[in-house]
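For reference, the structure is listed below as structure tokens.
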Amino acid sequence: MKQWSKALISFLIFLLILPSFALAQQAPALDISSQAAVLLDFQSGQVLYSKNGQEPRVPASLVKIMTMYVALDQVKAGRISLNDTVVVSERAWRMIGSRMFLEPNEVVTIEQLLLGIAVVSGNDACVALAEGIAGSEAAFVQLMNDKARSLNLPLHFVDVHGLSPDNEVTAEAVALLVRAYLAEHPEAVRFHQELSFSYQPRSSRNPIVQYNRNGLLRTFEGADGLKTGHLEAAGYNLVATAVQNNRRLIAVVLGADSEAKREQEAAALLTYGYRSFDLVNIAPLLSDKTTRVFKGKQSQVGLMVQEPIIAVPKGVGTTVSVGIQAKEVEAPVQKGDQVGVLSIYLQDELVKQVPLLAAEEVERGSWFKIMWDNLARFLRDLIRRR
């Protein structure tokens, strides 16, 4: 078995996966007045800033992110297509609040409904979509909660539009939801980045044009989503995401006291992230690291980590050291099998451990190789016992 001391890679000062509290210690202070806020780095999945990030909150229309997620899952699975149509029910038509202005018995496409949800936050579009896909809103809500459980996120939904104060999320869970959503459905951005949406109800002589309530789409460089929300019980909520220099950040603001404040603080979070942190790929540092494989067609297997892209504070000056502990494994080995642990130290204090994974598949060796490795292991263990 190969082992490396934590002093071996001391120059990983710029290359560690720090937890959010350690990152916050190194980065400039950020003043956020909203009741909860989170900044998440998309590539690494690291929380770069959190205020009351795990506190339960009312999401309001942020519920619609999951509504769209589940719908696009159905499209991806081939169960529906964007061109499929839905007949609008009277229940959908009677929805209050933000609307796409659907009318009973109108026939609309899934794509139109997704645009109506993403751009104008149509509560009627949410119900029509849910009924068209799952038969009822209740059945669709079950799919939403099943999805939350599959993502292991503390999210609870009771409707598809967010009008109920009984929906429950946390800021960190919303940020992670958006990360999973955009990773699985990158095409969703095209719905959320639209500045306006035009729909002509059957009874109208002219199309009704409505505008996206996410003002950052017009004012923040690289902004391309994602969703606003407001209820008296929730305050003003906003999930904002942007891409600058091929790097995506996700900001979540919950419980702001106005539309202007939620945009101001989301912009401040995104600016903070771009100015205060860098991304580094640690994969090259593991390119020549291996661990022993017994009874395999090859005697070594390379090492990797699941998420090699990491965020680190700009100009960080604290000495960081890393230790790699890899265990001997026995073939067959599948790519992605855990074969050890990467330990990360900050000022000689262990702050995080990350699984080390097999970087490739190793098949079972020949009968001669198996016999030889069994003999070698027997002799080695015999010598060690003396």
remark   = Exception for Glu168 within (1) farther than 30 Å from Gly45 by Cβ; (2) in contact (Cβ under 8 Å) with a residue 40 or more places away in the chain; (3) among the acidic types (Asp, Glu) falls at (1)
key: Count - residues of the stretch 196-218 that are in a loop (DSSP other than H, G, I, E, B) and out of contact with any Leu (no Cβ under 6 Å at 6 or more places or on another chain)   = 11
key: Residue pairs meeting the criteria (Cβ under 8 Å; at least 6 apart or on separate chains; first assigned by TED's automatic domain parsing to the domain that holds Trp367 and under 19 Å from Asp373 (Cα atoms), in the stretch 319-338; second charged (D, E, K, R) and modelled with pLDDT under 85)   = Ala326/Lys2
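Within the stretch 83-102, identify whether any single residue is within 25 Å of the chain's Cα centre (by Cα) and on the phi < 0 side of the Ramachandran plot, and answer yes or no.
No, the stretch 83-102 contains no residue that is within 25 Å of the chain's Cα centre (by Cα) and on the phi < 0 side of the Ramachandran plot.
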query = What is the residue count in the stretch 124-181 for residues that are outside any helix (DSSP H, G or I) and in contact with a Gly (Cβ under 7 Å, 6 or more places away or on another chain)?
reply = 3
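Yes or no, residue by residue, for (1) at pLDDT below 90; (2) part of a loop (DSSP other than H, G, I, E, B); (3) out of contact with any Phe, Trp or Tyr (no Cβ under 7 Å at 6 or more places or on another chain):
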position	(1), (2), (3)
Val301	no, no, yes
Ala311	yes, no, no
Ile344	yes, no, yes
Gln353	yes, no, yes
Leu356	no, no, yes
Ile370	yes, no, yes
Asn374	yes, no, yes
task = For Asn152, indicate whether it is on the phi > 0 side of the Ramachandran plot and not hydrophobic (A, V, I, L, M, F, W, C).
result = yes
query = Checking Gln112 against (1) within 16 Å of Arg213 (Cα to Cα); (2) not in a loop (DSSP other than H, G, I, E, B), which single condition isn't satisfied?
reply = (1)
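Residue-by-condition table, conditions (1) of a type in the set (A, V, I, L, M, F, W, C); (2) modelled with pLDDT under 95; (3) in contact with a Lys or Arg (Cβ under 8 Å, 6 or more places away or on another chain):
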residue	(1), (2), (3)
Gln210	no, no, no
Tyr236	no, no, yes
Arg247	no, no, no
Leu254	yes, no, yes
Ala260	yes, no, no
Ala267	yes, no, no
Leu270	yes, no, no
Asn281	no, yes, no
Asp288	no, yes, no
inquiry  = Tell me whether the stretch 122-144 contains one or more residues that are among the β-branched types (Val, Ile, Thr) and in contact with a strand residue (DSSP E or B) (Cβ under 9 Å, 6 or more places away or on another chain).
reply    = yes
query = Quick one: Val293 ticks every box in (1) β-branched (Val, Ile, Thr); (2) modelled with pLDDT of 95 or more; (3) out of contact with any helix residue (DSSP H, G or I) (no Cβ under 6 Å at 6 or more places or on another chain) bar one, so which box is it?
reply = (2)
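Here is a list: Ser276, Ser287. Which entry is without any contact (Cβ under 8 Å) to a residue 60 or more places away in the chain, of a type in the set (Ser, Thr, Tyr) and not assigned by TED's automatic domain parsing to the domain that holds Gly53?
Ser287
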message = Here is a list: Val88, Val127, Val169. Which entry is over 28 Å from Pro201 (Cβ atoms) and either crowded, with 24+ Cβ neighbours inside 10 Å or touching a Cys at 6+ places or on another chain (Cβ under 6 Å) (or both)?
response = Val169
inquiry  = Please go through the stretch 319-332 and give me each residue that is buried (at least 20 other Cβ atoms within 10 Å of the Cβ) and either modelled with pLDDT of 90 or more or under 13 Å from Leu356 (Cα atoms) (or both), ordered by number.
reply    = Val322, Ile324, Ala326, Val329
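The values are calculated or read from the model by the stated rules, or taken from the named source; none is laboratory data. These numbers were taken from a predicted model, which means no experiment stands behind them. Every residue, glycine among them, receives a Cβ derived from its backbone with ideal geometry; neighbour counts consider all protein chains shown.
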